[in-house]
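Before any comments, here is the structure.
Nothing in this text is a laboratory measurement; each read-out follows from the coordinates by a stated rule. From a predicted model like this one, the values you see are computed outputs, not experimental measurements. Every residue, glycine as well, gets a Cβ built from its backbone with ideal geometry; the counts of neighbours run over all protein chains shown.
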Amino acid sequence: MRGQKLYGEAKKLIPGATQLFSKRAELFLPKLWPSYYSKAKGCRVWDLDGNAYLDFSLMGVGTAVLGYARKEVDDKVIEAIKGGNLTTLNAPEEVELAKKLIEIHPWAQMVRFAKTGGEAVAIAVRIARAKRGKDIVLFCGYHGWHDWYLSANLGGEDSLREHLLEGLNPAGVPKALKGTAFPFKYNDVEALKGLVSRYRKDIACIVMEPIRSVKPTREFIDTVHEIRETLKVPLIVDEISAGFRLTVGGAHKVLGIEPDIAVFGKAMSNGYPMAAVVGKAWVMDAAQGTFISSTYWTERSGLVASLETIRLFEAWKVHEHICKVGSEIKEIWKKASEKHKIDITITGIDPIPNFAFSAENPLLWKTVFTQLMLEKGFLASTLCFASYAHRKTHLSSYRRAVEETFYEMSKKDPKDILKTDICHKTFQRLT
Ligand SMILES: Cc1ncc(COP(=O)(O)O)c(C=O)c1O
């Protein structure tokens, strides 16, 4: 398999083999995952040996909301790059996209752009710290790889374990940052209040995802709003995963959350690098008092991709389609698992459904599921990002494959089906 051969080379040349943890073969199917693609279209991906797979897994890690190689978006990008992608002068689309994002989020007045999710949240945190002249960040959820976030793990215990990824090692993060970022559990009003009363005078901002797998309670949202009002600390909502999936724009719009800053990435540009920090002028203006600047934040392809993607979201009501697809995927899992008496728990917002096996060794079951689905021509795991490219025929094929896979897993001990090592769960060294 050419993909695995190349992956073996990558491990020697690129520490950690991939640039994104979630793309490691070890998280799917060690030694057997195709790992690299030659081309992709719609919800189909071809590996280096020319095998085609239907993607019912990460769909470009949540970026391909309209599907891979979506013509309308790609045409705009090609036109932009033919006209010069980055010059001495600025791309006028910056102003157009800023206006569009403010039109979608009328509570906001200003926007900064970046290229990746993690750096965009780091920008938001820097702006809030600059505005407040204080250091402490209270947060829940996952927010990327930057020092401000990983510093929460400097205490020696795995404080971030409840926030998507466990075992994140903060080696290399300055120890001086210890005690500058504290996590609280989503919906845990008492934990949040406890942190606020402890650090009241030093809080720079509150950072949270609007939603990950469970809905925020009214009491939780009211508490967050109340703290924001009394302490005048900006509320930063990280929309990098949830944004543009429940509605056009931030999920906060449908959840009743009122941010001071909302951060977007992933879905806003259908696979081209683009991120945005959208906020109220009273806090955003502090970006002028600190140095936040980078050459490639000014390039054009991400801007035009984003403008076209948002136009299509509005025209096609993409969020309605992906919510429907995701809820159908949940139904497929539910029916097949009940039919074959496999105990699973299904969670996640409809456009990003996921499930967990309840068996004694859930990682073994997960690996076997991925292996059997791959053999049937699917990139599949226990998490799926729904896409506008997922259509009825794809869902029917997926349904048949899942039913057959669960049947096989119910008839034979998964240990006897497994052809490779069990997948990894946590962040660890690759050998
Ligand atoms: C909520 C959230 N914040 C931040 C990030 C980091 O974004 P990126 O991987 O583009 O740096 C992610 C990525 O999955 C995310 O889901």
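Brief remarks follow.
- Of the residues Tyr149, Tyr7, Trp297, the one whose Cα sits farthest towards the positive end of the charge dipole of the chain is Tyr7 (charges of +1 on Lys and Arg Cβ, -1 on Asp and Glu Cβ, taken about the Cα centre).
- Short-range pairs are left out: with C-alpha atoms under 8 Å and at least six residues apart, the relative contact order of the chain is 22 percent.
- Cleavage-rule hits (trypsin sites (Lys or Arg not before Pro)) in region 335-392: DSSP loop, at most 11 neighbouring Cβ within 10 angstrom: Lys341
- The distance between label points at Thr217 and Lys334 comes to 2.4 nm (points 7 Å beyond Cα on the Cα→Cβ vector).
- Mean separation of Cα contacts under 8 Å, 6 or more apart, over the residue count of region 71-316: relative contact order %: 29
- Over all other residues within a Cβ to Cβ distance under 10 Å of Phe264, the charged ones net out to -1, with Lys and Arg as +1 and Asp and Glu as -1.
- The phi torsions of region 249-260, fed into the Karplus equation with coefficients 6.51, -1.76 and 1.60 and a -60° offset, translate into couplings of x, x, 5, 4, 5, 9, 9, x, 9, 10, x, 9 Hz, rounded to whole numbers, with Gly and Pro shown as x.
- Flagged links, alpha-carbon separation over 25 Å, of Lys71/Lys115; Lys76/Lys324; Lys341/Lys419: Lys76/Lys324
- Separation between Cα centres of region 103-182 and region 346-415, rounded to whole Å: 33
- Computing Rg and the Kirkwood Rh from the Cα coordinates of region 71-316 gives a ratio, Rg/Rh, of 0.97.
- Evaluating 6.51 cos²θ - 1.76 cosθ + 1.60 at θ = phi - 60° for every residue in region 373-390, the Karplus couplings come out as 5, 4, 4, 9, x, 10, 8, 9, 9, 8, 9, 9, 9, 6, 9, 4, 7, 6 Hz, glycine and proline recorded as x.
- A quarter of the convex hull surface defined by the alpha-carbon atoms of region 295-431 gives 11.3 nm² as the mean projection.
- Grouping the Cα pair distances of the chain into 10 Å bins from zero gives a pair-distance distribution of 4, 21, 30, 27, 15, 3, 0 percent in increasing distance order.
- Along the chain, the exposed loop sites are GluC sites (Glu not before Pro) outside DSSP states H, G, I, E and B with at most 14 other Cβ atoms within 10 Å, and the longest stretch free of them is 167-359.
- Taking N as its residue count, the alpha carbon Rg of region 262-339 over 2.2 N^0.38 Å: 1.60
- Estimated dipole of the chain in Debye, rounded to 20 [Cβ of Lys and Arg +1, of Asp and Glu -1, Cα centre]: 440
- Environment charge of Arg391, counting only residues whose C-beta is closer than 12 Å and scoring Lys/Arg +1, Asp/Glu -1: +2
- Sparse-neighbourhood loop sites, trypsin sites (Lys or Arg not before Pro) in region 198-277 - DSSP loop, at most 14 other Cβ within 10 angstrom: Lys232
- Calculated on alpha-carbon atoms, Rg and Dmax of region 1-143 in Å: 19.7, 55
- The charge dipole of region 71-316, taken about its Cα centre with unit charges on the Cβ of Lys, Arg, Asp and Glu (plus for the first two, minus for the last two), comes to roughly 520 debye.
- Region 114-226: equivalent-ellipsoid semi-axes (sqrt of 5 x gyration tensor eigenvalues, Cα, Å): 20, 17, 15
- Contact order normalised by residue count of region 275-431, Cα under 8 Å, 6+ apart, percent: 22
- Sites listed here are trypsin sites (Lys or Arg not before Pro) in region 10-100 whose DSSP assignment is loop and whose Cβ has at most 15 other Cβ atoms within 10 Å: Lys31.
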